[in-house]
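Undergrad: What follows is a structure written as structure tokens; I'll ask about it next.
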Amino acid sequence: MVQFYCLSIVMNIFAGLILVYGLDLTKADGELKSVPDVLESGSDEKPQETVPAKKRRDFKGLNGRSVRFLVGLISILVGFVKLFSPYGGIVILGDLLPSFAGLMGGASILLEFYAITTSAPDFELDDRLKAIFINSRKYIGVLCFITALLHFILPKIIIL
């Protein structure tokens, strides 16, 4: 379906932007406080900057918790649907790389979101999950960018 073809490209680009240029919210509290909608309401405290403003590439709209949750959730849903409704190809193999990139990007964003918003104080991600989805987030973001670009340029190629 053409609609999911377009959604796959757009969501892979958004997921790539968040993973490559967005703040890693699991690293430190100082970075967490610099995200506007993570601050508790009613706090008069000025957000603490941890990285100099000119060195930080900040896509302010993509660092919000609600944006990250929606992009992660939609990326996973579109990636799953793309496995079974490829654009001009064979089911499962037709759009394998874009759906795989969407699933990986969405999982990385949602795991990071869950890691910072969980209410359990002793919550810790499994080391394997953390190594794959959190520590390798920039590589997953680049994978999302490349597959979105290739999927846009070469729409009917099998596996792309």
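The values are calculated or read from the model by the stated rules, or taken from the named source; none is laboratory data. The shown structure was predicted, so the numbers you read here are calculated from the model rather than taken from an experiment. Every residue, glycine among them, receives a Cβ derived from its backbone with ideal geometry; neighbour counts consider all protein chains shown. Each accessible area value is taken on the protein alone, full model and side chains, heavy atoms only, with ligands, DNA and RNA left out. Shrake-Rupley method; radii C 1.70, N 1.55, O 1.52, S 1.80 Å.
Undergrad: Is there any pair with a first residue in region 98-119 that is in a helix (DSSP H, G or I) and a second that is of a type in the set (F, W, Y) whose Cβ atoms are under 7 Å apart and which are 6 or more apart or on different chains, and what are they?
TA: Pairs that qualify, where the first residue is in a helix (DSSP H, G or I) and the partner is of a type in the set (F, W, Y), are L103/F80; A107/F133; S108/F133; L111/F133; F113/F69.
Undergrad: State the number of residues belonging to region 91-112 that are over 16 Å from the mean Cα position of the chain (by Cα) and surrounded by 24 or more Cβ atoms within 10 Å (Cβ to Cβ).
TA: Residues flagged as over 16 Å from the mean Cα position of the chain (by Cα) and surrounded by 24 or more Cβ atoms within 10 Å (Cβ to Cβ) within region 91-112 amount to 1.
Undergrad: Could you go through region 76-88 and let me know if any residue there is of a type in the set (V, I, T), open to solvent by less than 20 Å² (accessible area, probe 1.4 Å), assigned to a helix (DSSP H, G or I) and closer than 21 Å to V2 by Cα. Before you say what the answer is, go through the steps one by one.
TA: Here is the first cut: in region 76-88, the ones of a type in the set (V, I, T) are 76, 78, 81.
Right, trim to open to solvent by less than 20 Å² (accessible area, probe 1.4 Å) and you get 78.
Pick out the ones that are also assigned to a helix (DSSP H, G or I) and you get 78.
Then keep just the ones that are closer than 21 Å to V2 by Cα; that gives 78.
Yes, there is a match, as at least one residue in region 76-88 is of a type in the set (V, I, T), open to solvent by less than 20 Å² (accessible area, probe 1.4 Å), assigned to a helix (DSSP H, G or I) and closer than 21 Å to V2 by Cα.
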